[in-house]
Amino acid sequence: MHEPILYQSQIKDVQFGERVKVVEPVNMYGCSIGADSFVGPFCEIQKDVNIGANSKIQSHTFICEFVTIGANCFIGHGVMFINDLFQAGGPAGGDQTKWKSTQIGNHVSIGSNATILPVQICDGVVIGAGSVVTKDITEKGIYAGNPAKKKSDHYNENTIRRPQSAIPVY
């Protein structure tokens with residue numbers, strides 16, 4: 001029987017804005033988190049990720065390299081961001097030239113367990129829980145399904161913003 005090589009989750013080389021709250025354990029490295037943001041437990045946020053001010057990242061979320069999330073966003077539990085589309089029939093094997101970027105606008109809310117492929121999502125969008133976003137979203141509205149499709153033009157900025165009082169205090 002052999003002993004495994006153990007690694008500890010960590011927060012390393014992260015730029016934090018003022019009043020950011022992080023619930024450990026998390027694995028965050030080489031990223032930037034805007035002021036008044038929240039990161040829940042069991043998240044991984046990789047290098048070169050930028051998250052805007054007053055955004056909330058809920059537990060068990062994976063945000064890979066080449067992702068930018070705007071201000072006043074809500075990312076639900078277990079959301080997965082993908083940067084490798086397996087274009088050669090399998091994983092890129094760390095070849096970043098095969099990775100693609102994702103841009104999330106401001107006032108975007110993404111429901112739990114959604115999967116976000118490399119896309120651009122404009123401001124003022126709601127993505128339903130469990131949705132798979134495979135294409136750019138260029139119009140405000142509510143999107144859901146696999147693949148995610150527009151379900152409604154309804155958009156209310158007040159339902160997307162989370163008041164400071166709604167942020168869990170740990």
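The values are calculated or read from the model by the stated rules, or taken from the named source; none is laboratory data. Worth saying up front: this structure is predicted, and the values here are computed from it rather than measured. So basically every Cβ, Gly included, is an ideal-geometry build from the backbone, and we count neighbours across all protein chains shown.
Among the conditions (1) touching an Asp or Glu at 6+ places or on another chain (Cβ under 7 Å); (2) among the polar types (S, T, N, Q); (3) closer than 20 Å to Gln96 by Cβ, Asn54 misses just one, which is (3).
Evaluate the stretch 29-40: report whether one residue or more is under 17 Å from Pro118 (Cβ atoms), in a loop (DSSP other than H, G, I, E, B) and not hydrophobic (A, V, I, L, M, F, W, C). No, the stretch 29-40 contains no residue that is under 17 Å from Pro118 (Cβ atoms), in a loop (DSSP other than H, G, I, E, B) and not hydrophobic (A, V, I, L, M, F, W, C).
What about His154, is it surrounded by fewer than 19 Cβ atoms within 10 Å (Cβ to Cβ), part of a loop (DSSP other than H, G, I, E, B) and modelled with pLDDT under 95?
Answer is yes for this residue.
Going by the structure shown, is Gly90 surrounded by fewer than 19 Cβ atoms within 10 Å (Cβ to Cβ) and farther than 24 Å from Ile121 by Cβ? Yes. The set of residues in the stretch 5-28 that are in a strand (DSSP E or B) and either surrounded by 15 or more Cβ atoms within 10 Å (Cβ to Cβ) or touching a residue at least 24 places away in the same chain (Cβ under 8 Å) (or both) comprises Ile11, Phe16, Lys21, Val22, Asn27, Met28. Residues in the stretch 29-56 that are touching a residue at least 60 places away in the same chain (Cβ under 8 Å) and farther than 20 Å from Ala129 by Cα: 2 in all. Applying the condition of being part of a loop (DSSP other than H, G, I, E, B) and charged (D, E, K, R) to the stretch 73-129 and asking which residue is farthest from Asn54 (Cα to Cα) yields Asp95. Kindly evaluate Glu3 against the criterion of being over 13 Å from the mean Cα position of the chain (by Cα), among the acidic types (Asp, Glu) and at pLDDT 95 or above. When the stated conditions are applied, Glu3 passes them.
Listed by first and then second residue, the pairs linking a residue in the stretch 57-81 that is of a type in the set (S, T, N, Q) to a residue that is outside any loop (DSSP other than H, G, I, E, B), with Cβ atoms under 6 Å apart and 6 or more places separating them unless they lie on different chains, are Thr61/Ile75; Thr68/Asn50; Thr68/Gln103.
Being aliphatic (A, V, I, L, M) and more than 10 Å from the chain's Cα centre (by Cα) is the filter here, so list the residues in the stretch 89-113 that pass it.
Within the stretch 89-113, Ala92, Val108 qualify.
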